[in-house]
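One structure below.
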Amino acid sequence: MNFLVFLLTINFCLAFNTSNINQSDYYEQSGSSSKLNFPITKTKSNNQILDKFIDEDSYLIGAGDVFLFNMITTNGVFTLEIIVSPTGDVLIPVVGKVNIKDKTLADAYILMIDKCKEKYEDAYVYINLIKLREFKVLVTGNSKYSGMHVMSSNNRVSDLIESLYTFTYLDTLLSKHLFDYPKNIMINKDIDLIRNDSIIAINLFDYYYYGDNSYNPILIEEDIINIKSTNKITVLGEVEKPTRVFNSKNMTYNDILNISGGIKSSGDLDKIKFLNYAGLSSYHTNEKNRILNIDPKYRSDTDESFLSARNKTMDGMIYISDNLKLEDFLNSETNEGDILIVPQKNNFIEVLGGINNPGTYLYTNNKTIGDYIESAGGLSENSKNIYMLDVNTGSRVKVGKYYIPESGSIIFVEEKIGYKRWDRIKDIISISASISSVLLVLNNVMGGN
C-alpha cells in the first residue's frame with residue numbers, strides 16, 4: 001500500500017513539472033547537435049471576434065502576433081507558442097531567429113518553414129496564427145477624443161469610431177425624425193486615414209447604409225485618424241439612395257435630391273425638413289448658459305422668456321411646408337453642412353380628447369375636422385374647444401369644424417374639467433371662510449372708527 005502511494009506521488013510530481021516546461025526544456029545539447037525531447041505543451045483558448053476569416057495573402061504580421069508552432073522529426077515532436085517580437089522576429093528554439101516584419105501571413109509561414117527545413121530536412125512543420133496583436137492608433141483633429149487608442153489588428157476604422165462616439169447630440173436630433181437612422185456615421189465630420197504619408201478618405205456613411213468596406217479599411221500600426229469638420233451635404237429619409245456628397249458651387253437642393261435618385265413614392269416632399277449642423281452652435285449660446293447659472297428664483301421675466309424661447313428651438317430643425325416657399329428653397333444654393341430629411345407620408349389623422357371614440361383614422365383629401373369628429377363618434381358631453389396640433393413643430397391652433405387638416409395632424413378636443421361633489425363643497429367652505437374673515441376685519445375696523 002505504501003509503495004502504491006509512493007508511485008502516485010511520483011506521477012503527480014512528474015505531471016506538474018511537465019505542465020510548466022519552458023522552451024529550453026525541449027532540447028538536450030550534445031556538442032554541435034541538438035536532440036528534440038517529446039513533451040507537448042497545452043495551448044490556451046484564444047476566442048477572438050472577427051468580421052471575416054483572415055486572408056493569409058493580405059494580413060500583415062506585426063509585433064504581438066502569436067503562432068502555434070508544431071514540428072515533427074524522427075527525433076520527436078515539438079509544439080509551443082511563439083510570439084513576434086517588437087523588432088519583427090520570431091525565435092524558434094534550436095532552429096534560430098526569423099525576421100517576418102511587414103510580411104504577409106502566407107510569406108511568414110514560408111520563411112519559418114524554410115528555416116526549419118534548413119536544420120531538419122526531414123521535418124514536418126505546421127504553423128498557425130492563433131492570436132492577433134494589439135497596438136495603438138493616434139486620433140487627431142476636431143475631436144475631444146484626440147490621443148492614442150488601443151486597437152486590434154482585425155479592427156476597422158468604424159470599430160475605433162464606435163468605441164469613442166457612443167451617441168452624439170446630432171444622432172439624438174436626427175433619431176427624432178428618422179426612426180431607422182444609423183448611429184455613428186459621424187455625419188457632421190469627415191474622417192481621413194493617414195498611412196505612410198498617404199491620405200485615405202473614410203466613408204462611414206456608405207459603410208453603415210450599404211455595407212461598403214472599401215472606404216473603411218482595417219487599421220495597422222502607425223495609422224493616424226484625422227477628424228475634421230465637414231463641408232458635405234447629406235440627404236436622408238425617403239429617397240432612392242441616401243447620399244452624402246461634397247458641396248459644390250451653384251449646387252441647389254433640387255440637384256442634391258436628383259443625385260439621391262429622387263423621392264420615393266412613400267416620401268412626403270411637402271413636409272421636408274432642413275438642418276444646417278454648422279448653425280447648431282448658435283443654440284448653445286453664452287446667454288443661455290448665463291441664465292442657467294442663475295438660481296430660478298432670481299431670474300428676471302425676460303430671462304425666463306428667453307430661456308423658454310431658446311428651449312423651443314433646441315432641435316434646430318426648419319420645416320418648409322408652404323408650397324411656394326418650398327419651391328424657392330429647392331431652387332436655392334446649398335450650404336456646407338446641410339442635412340435634408342424627406343419624411344415618410346403619414347396617411348392617418350389622430351383624434352383625441354372630448355370624443356366618443358378617440359383614436360387614429362385614415363386620412364382623406366378635403367375631409368374637414370367635423371368629418372373626422374363625426375367618424376370618431378362625435379363630441380362628448382364635456383367637449384369644449386377644438387385644436388389642431390402640428391406634429392412637426394408641436395404648435396397648437398384653435399380651429400373650427402370646417403378646417404381641412406393635413407395628413408399626420410392631430411385633432412385635440414378640449415374637455416371641460418369636472419369637479420367631484422366633495423371637492424366642490426370643500427371649495428365653497430374655503431371661499432366662505434375667507435369671505436367671513438374679510439368681513440370680520442372690516443367690521444372691526446369700521447366699529448373702531
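For region 348-415, DSSP calls about 75 percent of its internal beta bridges antiparallel.
The alpha-carbon of Lys101 sits under 19 angstrom from the alpha-carbons of these aspartates and glutamates, leaving out residues fewer than 8 places away in its chain: Asp55, Glu56, Asp57, Asp65, Glu81, Asp89, Asp114, Glu134, Glu221, Glu222, Asp223. Measuring against 19 Å, Cα to Cα, the residue pairs Lys232/Lys345; Lys176/Lys271; Lys232/Lys271 contain Lys232/Lys345; Lys232/Lys271 as the ones spanning a longer distance. Among residues other than Asp338 with Cβ under 14 Å from its Cβ, the summed charge is 0 (Lys and Arg +1, Asp and Glu -1). If you add up the charges near Ser409, with Lys and Arg at +1 and Asp and Glu at -1, over every other residue whose beta carbon is less than 9 angstrom from its beta carbon, what do you get? Neighbour charge sum, excluding Ser409 itself: -3. Using a cut-off of 19 Å between Cα atoms, the listed pairs Lys97/Lys117; Lys241/Lys325; Lys52/Lys136; Lys264/Lys325; Lys367/Lys401 include Lys241/Lys325; Lys52/Lys136; Lys264/Lys325 as exceeding that distance. Legend: translational diffusion of region 348-415 by Stokes-Einstein, Rh = Kirkwood radius over C-alpha pairs, 4 °C, 1.567 mPa s; D = 113 µm²/s. Set the Cα radius of gyration of region 135-230 against 2.2 N^0.38 Å, with N its number of residues, and you get 1.05. Whole-Hz Karplus values for region 266-275 come out as 7, x, 10, 5, 5, 10, 4, 10, 10, 9 Hz, taken residue by residue from phi with 6.51 cos²θ - 1.76 cosθ + 1.60 and θ = phi - 60°; glycine and proline positions read x. Here Lys183 is the anchor, and the aspartates and glutamates within straight C-alpha reach of less than 12 Å, apart from those fewer than 8 places off in the same chain, are Glu162, Asp171. Amide H to amide H, with H built 1.01 Å from N, Val239 comes under 5 Å of Lys264, counting only residues 5 or more places away or on other chains. Any lysines with Cα under 16 Å of the Lys416 Cα? List them, leaving off those in the same chain fewer than 8 positions away. Those lysines meeting the cut-off are Lys384, Lys398. Annotation: amide H of Ile224 within the under-5 Å range of Ile194, sequence separation 5 or more or interchain, hydrogens built in the peptide plane. Rounded to whole numbers, the Karplus 3J(HN,Hα) couplings from phi for region 81-98 are 8, 10, 10, 6, 6, x, 8, x, 9, 10, 9, 9, x, 6, 5, x, 9, 10 Hz, using 6.51 cos²θ - 1.76 cosθ + 1.60 with θ = phi - 60°, and x at Gly and Pro. Stretching the chain fully between Ser266 and Asp122 yields a gain of 44.8 nm (0.36 nm per residue, less the alpha carbon separation). Qualifying trypsin sites (Lys or Arg not before Pro) in region 113-220, where qualification requires a DSSP coil assignment and no more than 13 other C-beta atoms within 10 Å, comprise Lys144, Lys176.
No value in this document is a laboratory result; all are computed from the given coordinates. Remember, it's a predicted structure, so these values are computed and weren't measured experimentally. Virtual Cβ from ideal backbone geometry, glycine too; neighbours counted across all protein chains shown.
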